[in-house]
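Each remark here refers to the structure printed beneath this line.
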Amino acid sequence: MRCPYCREKIPPGCSECPECYESLQFPQPEYCGVCGAVWVEGNFYCRFCNSRLMQMLNDHMLDQPMHQDDLKQTEQGLILVGAVHRAVAAVLDTVVILAIIGFWFPQAANLSITWESLISGAFWVGQSQAWLTAVAVMILYYTIFETLFGFTPGKLMAQIKVVRQDGSKLGPGGALLRNLLRIVDLQLFGLVGAVVIWRTPLQQRCGDLAAKTIVVRLI
């Protein structure tokens with residue numbers, strides 16, 4: 001850990017910086033005042049958006065209510081997350097999926113897409129096996145991770161997870177169903193899923209509505 005004033009390393013258990021002698025006893029927030037992510041106790045910056053605690057204290061941001069979208073809770077006290085956090089997790093997971101496809105299925109990684117090819121029937125027929133392989137890898141990736149842990153590597157880094165609407169652990173059937181419908185939510189570059197999330201009370205996309213799941217903070 002580093003001092004928020006002079007950036008020098010601080011030994012564990014110190015109540016003031018041994019270099020500049022400034023007090024290190026600050027009120028620790030429960031959630032980041034900028035992005036709403038869960039704040040890790042003892043940190044002087046947010047692990048999710050890198051916002052600094054001192055800046056938020058000086059700007060009185062921690063005295064203000066959080067974004068309304070980040071404060072929505074279920075009856076079990078789980079904090080729902082919206083499209084922004086989910087989009088960040090999706091981007092991170094896409095990087096992992098592309099790495100898996102490139103390593104294990106090089107024929108699917110060699111897809112060359114142009115605007116002309118998208119309207120060509122020959123392209124879709126000739127590349128059908130590669131497309132099916134890529135889609136299958138994506139669905140299996142999300143289904144396996146969400147069944148075993150409730151989150152994928154991308155969701156873990158974004159500090160979110162998938163559970164059933166009652167807060168219980170997601171099963172393999174529900175995980176498969178919500179990820180099969182991911183194809184629908186990704187239409188129009190993800191706009192379909194984003195609109196459904198914004199318009200539903202529990203911030204659910206089509207896959208969540210079908211599988212009766214929600215995405216909440218990983219606490």
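Only the coordinates and a few stated rules stand behind these numbers; no lab work does. On a predicted model such as this, the values are computed, not experimentally measured, just so you know. So basically every Cβ, Gly included, is an ideal-geometry build from the backbone, and we count neighbours across all protein chains shown.
Data overview
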| read-out | value |
| --- | --- |
| Residue order, fewest to most surrounding Cβ atoms within 10 angstrom, among Val81, Val96 | Val96, Val81 |
| Mean Cβ neighbour count within 10 Å, used as a protection proxy, ranking 154-161, 10-17, 171-178, 131-138 highest first | 154-161, 171-178, 131-138, 10-17 |
| Long-range HN-HN contacts of Trp39 with modeled amide H, under 5 Å | Tyr31, Cys32 |
| Length released on extending from Val195 to Cys20, taking residue separation times 0.36 nm less the Cα-Cα span | 58.0 nm |
